[in-house]
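Here the structure comes first, spelled out in structure tokens, and everything after it is commentary.
No lab work stands behind these numbers, since they all come straight from the coordinates. This one's a predicted model, so the numbers in the text were calculated from it and none came from an experiment. Cβ coordinates were reconstructed from backbone atoms using ideal geometry, including for glycine residues, and neighbour counts include every protein chain displayed.
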Amino acid sequence: MTQTPDLEVLPRDISAYRQGNTGIDYVHRFESGKPGPHVLINALTHGNEICGMVAATHLLDTGVRPLIGTLTVSFAHVEAYNAFDPAKPFDNRQIVHNLNRVWSDEWLDGPEDSPELRRAREMRPVVAAADHILDIHSTSQDVVPFWVYPAYERNAKVAMAIGLPPVHLVMPAGLGSGTPLIQHGLHAGADAPGAAVVVECGQHFKQSAAELATEVTLRFLAHFGLIERAPVAPPAPQQRYELLQTHVIQSEDFRFVRPLIGFETFAKGELIANNGPDEIRAPCDDCTVFMPAQRVIVGREAVYLTKPL
């Protein structure tokens, strides 16, 4: 069971940002009037990923405006964000559905209803309008930050150029447990107009995660020419991992063979977890675990299994 972490960064009241200029609550758009890409910076896809709020409010509070193209800044799941309880800081990740798994036409055009589906349906035109997307996330455990993106050269090129963080989780066939925001509509295809990436900035409530989110956001905007920034140090050596399998918790008696926080390695065939009647075993040598579940909730992801590239 996840222990309550030190809460170095807490939510702040963001109601002042509700009234944007797009007709959609908590979405702000700034046009330069000059040719250039449309970049979307998206925060709070999950309610307790506070670092994205810090980065997005930094852009708005400091008056960042694009030199070229268009900048959109959005706060996605404000309803979940507003449900934060410091005594239960992991509980407001979502309300019903995972907002980062419902971005398929099947879900968005389907009959089901939830706070997440209502918000995703509102934000469809926001995501569809963007050429490049930075979706800012964080992790339950205090592990090294990393990128997550579909295995297209356009995504890898941007993440490698930005250089921070230096760890990459590459998805050759999607997540395997739903459709994330960065793969909505035309962003899913090989011929998409630009990069769409997630940055996982570290543990939800650490100051370092908020600082990294802000730095990556500024580097992302500078990479596409929307802002000017002084040159940064050359990127550190990059480590890339390929997503092989996504496992979903099937039973209340799901258990890992030992406590995991992420980045542990297993030999081919080694037992990683028992998932009801099924065993989860490493599909390869040097199988590296990403984002192992810290709580047993049937229907949520159990673990991502990867191999180093």
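Mind putting a number on the dipole of the chain about its Cα centre? Charges go on the C-beta only, +1 for Lys and Arg and -1 for Asp and Glu, and I need it in Debye to the nearest 20.
560 debye
So what's the net charge close to ALA43: Lys and Arg +1, Asp and Glu -1, counting the other residues with Cβ under 11 Å from its Cβ? Working shown, then result.
Working: positive: none; negative: GLU49, ASP135.
Net local charge, ALA43 excluded: -2.
Note down the Stokes-Einstein diffusion coefficient of the chain in µm²/s, whole number, using a Kirkwood radius over alpha carbon pairs, 20 °C, and 1.002 mPa s.
Details: Rh = 19.7 Å.
Roughly 109 µm²/s, to the nearest whole number.
For the stretch 256-268, take each phi angle, set θ = phi - 60°, evaluate the Karplus expression 6.51 cos²θ - 1.76 cosθ + 1.60, and give the result in whole Hz per residue in order, putting x for glycine and proline.
Working through the residues one at a time gives 6, 6, 7, x, 10, 10, x, 6, 6, 10, 9, 7, 4 Hz.
Which residue fluctuates the most in the chain, going by a Gaussian network model with Cα springs under 10 Å, if the choices are ASP105, ASP131, ASP25?
ASP105
Sum -39500 (n - 2.57) across every DSSP H segment of at least 4 residues in the chain, then divide by the residue count to get the 222 nm mean residue ellipticity, nearest 500. It would help to have the intermediate numbers written out before the result.
Numbers: 6 runs with 62 residues, N = 309.
So the helix-based figure for the chain works out to -6000 deg cm²/dmol.
Can you pull out the GluC sites (Glu not before Pro) in the stretch 1-75 that DSSP calls coil and that have at most 15 other Cβ atoms within 10 Å?
Sparse-neighbourhood loop GluC sites (Glu not before Pro): GLU8.
Counting other Cβ atoms within 10 Å of each Cβ, which trypsin sites (Lys or Arg not before Pro) in the stretch 136-233 have at most 16 and sit in a DSSP loop?
Taking the stretch 136-233 and a limit of 16 other Cβ atoms within 10 Å, the loop trypsin sites (Lys or Arg not before Pro) found are ARG229.
Express in whole angstrom the spacing between the alpha-carbon centres of the stretch 1-53 and the stretch 153-227.
Comparing the Cα centres of the stretch 1-53 and the stretch 153-227, I get a distance of 15 Å.
What does the extension gain come out to for ALA161 and THR4, with contour length at 0.36 nm per residue minus their alpha carbon separation?
Contour length minus Cα-Cα distance gives 53.0 nm.
Can you pull out the trypsin sites (Lys or Arg not before Pro) in the stretch 14-102 that DSSP calls coil and that have at most 15 other Cβ atoms within 10 Å? Spell out each step's value before the answer.
Working: sites: ARG18, ARG29, ARG93, ARG101; in loops: ARG18, ARG93, ARG101.
Counting only loop positions with at most 15 other Cβ atoms within 10 Å, the trypsin sites (Lys or Arg not before Pro) in the stretch 14-102 are ARG18.
Find how many whole Å separate the alpha carbon centroid of the stretch 241-303 from the alpha carbon centroid of the stretch 56-96.
That distance is 30 Å.
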